[in-house]
Amino acid sequence: MTGFPAELFTQYYASLVRMLYRRTGDRDRAEEIAQETFARAVAAPPRNPRPWLFAVALNLVREEGRKTVRQGRRLVLYKAEQPEHTEGPDEAMDRGERIALVRTALDSLNERDREALLLKAEGFTYDEIAATLGLARGAIGTTLARARRRLVEAYRAGGNQQHVAS
Amino acid sequence: MSHLDEGVLHALLDGEIPSAELPPIQAHLAACAACRARLEEERQLLAESDDLVELLEVPAEGTVPAGARHSRTPRRAWGRTLAWAASLLAAVGLGYAGHALMQPGSGLEIAANPAAAPRGTDTAPDVSAGQPLIRPQTVTTVDSVRAPAGAAPGNLASRRPAAKAAEAKQEVAAAATSRGDSGAFRSEAQPAPATPPPSVAEAAAPLRDQALRLDERRANPALGLGAVKLTLAPAETIQLADAIRRLGGSLRLIEGLVPLRLEAQGPYVRVVYPSAQGELVLQQQLIDGRVAHTLLAPTGFPIDSLARLRARVRE
């Protein structure tokens with residue numbers, strides 16, 4: 001067991017935090033959940049660490065999401081200016097606005113699709129995604145296809161609208 | 001064969017089609033222009049989706065990214081954190097051999113402690129500010145900066161005084177060193193020290209004696225504020241109960257974080273936490289019945305994060 005937690009940490013911590021940040025939009029929360037996940041791994045070392053770590057982390061996100069009251073505490077603020085001439089929405093917006101739109105588009109996906117997409121972005125194979133999310137391997141291709149399409153469509157749709165803080 | 005569905009096309013693009021299933025799919029693509037066109041469309045969709053996700057990079061601490069979501073992060077109960085820390089340390093404490101946080105001969109020096117006793121007195125310096133008398137040469141706290149490369153050890157004149165985080169240029173060296181064997185504790189984010197540590201000149205002595213020697217040096221400028229080098233035994237991993245005992249019944253932890261391990265080296269007890277940049281160390285020691293602590297961070301650790309973590313140190 002010597003060095004095992006440290007090796008896990010070195011290998012997966014940054015990737016886990018990145019996935020959690022993309023999932024939650026909150027860096028502090030991402031790091032806290034990642035730390036809690038690794039603490040659990042130390043207490044009960046998994047045989048297949050990567051899917052286990054990410055599955056535990058995603059479960060923790062869902063648990064916190066069910067417990068946390070978010071009404072009035074969640075603020076999504078972005079603004080997209082109408083392009084003055086006939087060019088695509090990307091050219092008319094700066095990077096910050098693009099990020100805001102991506103965040104909103106990602107939130108529009110259902111939970112499984114979003115998580116499959118984020119795990120794929122971390123280099124997970126179909127087998128690993130299936131193991132992490134408890135899905136059939138044969139369904140992963142369709143899940144990712146749907147997630148990617150909906151993300152892009154939602155992003156494009158958001159780029160042509162104006163929104164205000166709520 | 002019927003047209004290829006989007007799941008198959010994406011699995012093909014992701015390289016996830018088992019080799020045995022590839023030939024019929026490839027044969028169909030060779031014969032079906034519509035599926036070839038769809039494959040190209042899905043390829044572009046995949047690329048665009050990847051580009052969008054990659055925009056969501058973890059921001060630097062202290063910045064609020066556009067479209068930031070201000071959601072309340074629930075604070076776990078402090079007792080729960082301590083319970084996790086205890087269970088974590090109980091699980092790993094016996095499995096680790098200690099390693100030296102400081103390389104042998106790395107050298108320690110007494111920093112000019114602004115809270116130190118006035119010149120000419122023999123009273124121990126006041127540590128109410130929480131600043132330890134002895135600061136590792138290669139590691140700095142959030143309130144101090146590393147001496148410029150090449151500066152003579154103990155050349156306190158070369159050290160810039162502590163400044164506000166927003167004003168001072170902070171360089172925080174790696175806090176931990178790797179073990180010589182497997183390097184299991186090495187964090188890839190931690191750079192190796194640029195220069196070898198200086199040799200150790202003196203054995204460890206009681207802190208009060210060191211303070212007296214510092215006063216003597218101050219009284220006699222000819223002696224210079226040179227370094228008093230200490231030799232410490234290698235760090236060893238300890239249990240939670242041992243850590244608390246060494247600190248006279250109290251141990252400080254960072255609220256909300258779960259430690260990797262506890263270490264003891266000489267008078268120090270160190271609580272080691274993981275971070276994306278390497279190991280974060282809450283170093284503590286008992287001085288005149290009171291616990292003094294310092295937060296040591298690896299290179300690249302965000303300054304704002306350090307300040308916030310310091311505010312979360314609890315007994």
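The values are calculated or read from the model by the stated rules, or taken from the named source; none is laboratory data. These figures come from a predicted structure and were not determined experimentally. Counting neighbours? That spans all protein chains shown, and the Cβs are built from the backbone with ideal geometry, glycine included. The area values use the complete protein model at the heavy-atom level, side chains included, leaving out ligands, DNA and RNA. Shrake-Rupley method; radii C 1.70, N 1.55, O 1.52, S 1.80 Å.
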Over the range B:263-306, what is the mean sequence separation of C-alpha contacts under 8 Å (at least six apart), divided by residue count, expressed as relative contact order in percent? 29
Determine which residues of the range A:135-153 fall in the zone a paramagnetic label at residue A:48 would reach in this model, i.e. backbone nitrogen under 20 Å from the point 7 Å along Cα→Cβ. A:135-144
Distance in nm between pseudo-label sites at residue A:95 and residue A:62 (7 Å out along the Cβ direction from Cα): 3.5
Return the residues of the range A:122-152 for which accessible area with all protein chains present is lower than in the chain on its own by 30 Å² or more; set the probe to 1.4 Å and exclude ligands, DNA and RNA. A:126, A:137, A:142, A:145, A:148, A:149, A:151, A:152
Compute, for the range B:230-304, the length of the dipole vector about the Cα centre, with Cβ point charges of +1 (Lys, Arg) and -1 (Asp, Glu) only. Units Debye, rounded to 20. 180
Calculated FRET efficiency, residue B:37 and residue A:157, Cβ-Cβ r, R0 25 Å, to nearest 0.05? 0.55
Roughly how big is the A-B contact, given as buried accessible area in Å² (both sides, 1.4 Å probe, nearest 100)? 5600
